[in-house]
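These notes concern the structure reproduced below.
The values are calculated or read from the model by the stated rules, or taken from the named source; none is laboratory data. Note that the coordinates shown come from a computational prediction; the quantities given were computed from them, not determined experimentally. We place every Cβ from the backbone using ideal geometry, glycine too, and count neighbours over all the protein chains shown. These area figures cover heavy atoms from the full protein model, side chains too; ligands, DNA and RNA do not enter into them. Shrake-Rupley method; radii C 1.70, N 1.55, O 1.52, S 1.80 Å.
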Amino acid sequence: MKSLKIIIANFLVLMMISSCEEKQKEKQPEAKLEVEVIETSRSGNKLAKIEKFSKADSVAKISLNPDKTFQTFTGFGGAFTESSAYLLNQLSPENRKKIIDAYFADSGAKYSLMRTHMNSCDFSLSQYSYAPVEGDKDLEHFSIEEDKPDLIPMIKDAMAASNEGFKLFASPWTAPPWMKTNNDWVGGKLKPEYYDTWALFFSKYVDAYKAEGIDLWGFTVENEPHGNGNNWESMHYTPEEMTEFVRDHLGPKLEEDGKGDLKILGYDQNRAGLKEWVDVMYKNEANAKYFDGTAVHWYESTYKIFAEDLQYAHNKAPDKYLIETEACVDAQVPVWQEDDWYWRKEATDWGWDWAPEDQKYLHPKYRPVYRYARDIIGCMNNMVDGWVDWNMVLNRQGGPNWFENWCVAPVIVDPDQDEVYFTPLYYTMAHFSKYIRPGAKRIDFESTDKDLQVTAATNPDGNHVVIVFNPSEEEKVFDMQLGKITKTISISPQALQTINIVN
């Protein structure tokens, strides 16, 4: 009888403990994900912080798997061109600083990977070379004087504005005409007898810029080695010719001069030609030795990512860089102070008029914001580790440049009126560059809403960043899930979001 009483007493104690635990659980709120949501939308948000979200009975789900990682990101940014630098010098000091800070300061887009041109390019005011004296094989007359009025001051101002700094690589459009088979700025090839002189040119460029207080991170070997339809500065290589130049001349010269740590990126043209180039560049150890990676452009199509080609290039050399080095809304005069145009399907590119008939399907009209957002997300999800825009600043005509090759930049200025227009493309770029920092790793995710375009990364500080693009004309609601905790988030129609998950 006594043991029965003890059993009953123990049972009652256990019931009381269980009841207390249940009440305790009721008191504790369900764990939710702590997030900061930034949105840019057709409806008018511009990197706006969103704190209230719609609810829905049936929502999609984006599940993060940070334990599965992919490539490490080198950075995001744009290009220092003479055209952009010249325009900045035409503005008031206040507007010049406003633009520099918008791109490089902590309060702005925090660009981290930058490009510039060696010698002139189409976005220069004239054609020039740092080695203008014919037959000067030892480059005794080498000089970067042409860059000192505009280009170098812009780069140095950007360096001063950037707390974390940025990587800067340079690209030549052409060697000086006297080194080429056609003795012209456009087309032709580098004469074999000048391979060593041209390698010396790269080394001298590094020294000249260092003397100005600017350190280089690396180079692409040649902008668009297939040429550009004989329009502006260019010089042609086959994959075999470029590989020979790098393997036997450029790489050894930089190494000999104590500059072996500088990065060398091969190719530097459209993705559709990628496979034949990496097959040669990475054919064997000797060919691959001095190539640190591959550079690509986006002009082959207004909508295709060429994912298979990007994956192929990565798999060919998984430990080397794969960087998008140039992209822009090309062959287009900018639309001034009309944000909605950048969300409408009205832009055309070079291929709209000039592509061969069998390739015109690759160049339909497009929405500029969509093209940027889709391309950057698509590149990130297909092993590209850096994404670099073209001109940062252009005028209302889309210049200046000597060839009148009009294009659009994220920031458009009217120097006569001292006015600045930040287009929606600026905010689109900032969604990536400001929040995904160098050293971040792309992470795995699953999304149940196939209309949403998604990518995700973990920054060096351990915080996760998710970028979601909603191209549809309806609001979307989804649960963001990390482990066992979630947060219900809504995204506006035709909008881009960056979601910072706070650990």
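Calculated from the structure at hand, Rg and Dmax of the Cα atoms in Å is found among [x] 25.2, 108; [y] 21.7, 70; [z] 26.4, 115 as [z]. Gain on full extension, evaluated as 0.36 nm per residue between Trp178 and Ser472 minus their Cα-Cα distance, stands at 100.5 nm. Subtracting the Cα-Cα distance of Gln397 and Glu338 from their residue separation scaled by 0.36 nm leaves 19.8 nm. Would you mind checking the range 451-494 for residues with the amide N under 14 Å from a putative spin-label position 7 Å along Cα→C-beta of Ala307? Under 14 Å, as judged by backbone N against the label point of Ala307, lie 451-456 of the range 451-494. Projecting the Cα positions of Gly399, Pro356, Tyr366 onto the charge dipole of the range 329-436 (unit charges on Cβ atoms of Lys, Arg, Asp and Glu, taken about the Cα centre) puts Tyr366 furthest along the positive direction. Using the Cβ of Asp279 as centre and a radius below 13 Å, the other residues enclosed give a net charge of 0, where K and R count +1 and D and E count -1. Rolling a 1.4 angstrom probe over the range 229-344 with all protein chains present gives an accessible area of which 43% lies on carbon and sulfur atoms.
Phe70 to Glu140: FRET efficiency via 1/(1 + (r/R0)^6), r the Cβ-Cβ distance, R0 45 Å, to the nearest 0.05? It comes out at approximately 0.40.
Extending 7 Å from the Cα toward the beta-carbon at both Asn463 and Lys275 defines two label points whose distance is 4.2 nm. If R0 is 45 Å, the Cβ-Cβ spacing of Gln359 and Lys32 corresponds to a FRET efficiency of close to 0.35. Bridging of Lys191 to aspartates and glutamates at a Cα separation below 15 Å is possible for Glu134, Asp136, Glu222, Glu240, Glu241, Glu244, Asp248, once same-chain residues fewer than 8 apart are set aside. Per residue, the chain reaches -8000 deg cm²/dmol at 222 nm when only DSSP H runs of four or more residues are counted, each adding -39500 (n - 2.57). Counted by Cβ distance under 13 Å from Leu254, the other residues give a net charge of -2, where Lys and Arg count +1 and Asp and Glu count -1. Sorting Met380, Met159 by accessible area puts them as Met159, Met380; the probe is 1.4 Å, largest comes first, and only protein heavy atoms count. With both residues required to sit in the chain, DSSP beta bridges show an antiparallel share near 55%.
Solvent-accessible surface of the range 73-133, averaged per residue with a 1.4 angstrom probe and all protein chains in place: 25 square angstrom. Surface calculation, 1.4 Å probe, protein heavy atoms: Thr238 sits at approximately 50 Å² accessible. Rounded if a/c is under 1.5, else prolate if a/b beats b/c, else oblate: with a ≥ b ≥ c from the C-alpha gyration tensor eigenvalues square-rooted, which is the range 342-401? It comes out oblate by the Cα gyration axes. Of the solvent-accessible surface of the range 345-432, computed with a 1.4 Å probe over protein heavy atoms with every protein chain present, carbon and sulfur atoms account for 46 percent. Placing unit charges on the Cβ atoms of the charged side chains and taking the dipole of the chain about its Cα centre, the candidate lying farthest along the positive direction among Leu125, Ser54, Phe76 is Ser54. Model label points for Lys49 and Asn89, set 7 angstrom from Cα along the Cα-to-Cβ axis, are 4.0 nm apart. As a calculated quantity, the FRET efficiency between Ala286 and Asp444 at R0 = 41 Å, using C-beta atoms, amounts to about 0.70. With a cut-off of 12 Å between beta carbons, the residues surrounding Val221 carry a summed charge of -4, where Lys and Arg count +1 and Asp and Glu -1. By a straight-distance test (C-alpha under 15 Å), which aspartates and glutamates pair with Lys97 as possible cross-link partners, with residues fewer than eight away in the same chain excluded? Those aspartates and glutamates meeting the cut-off are Asp106, Asp150, Asp157, Asp418, Glu419.
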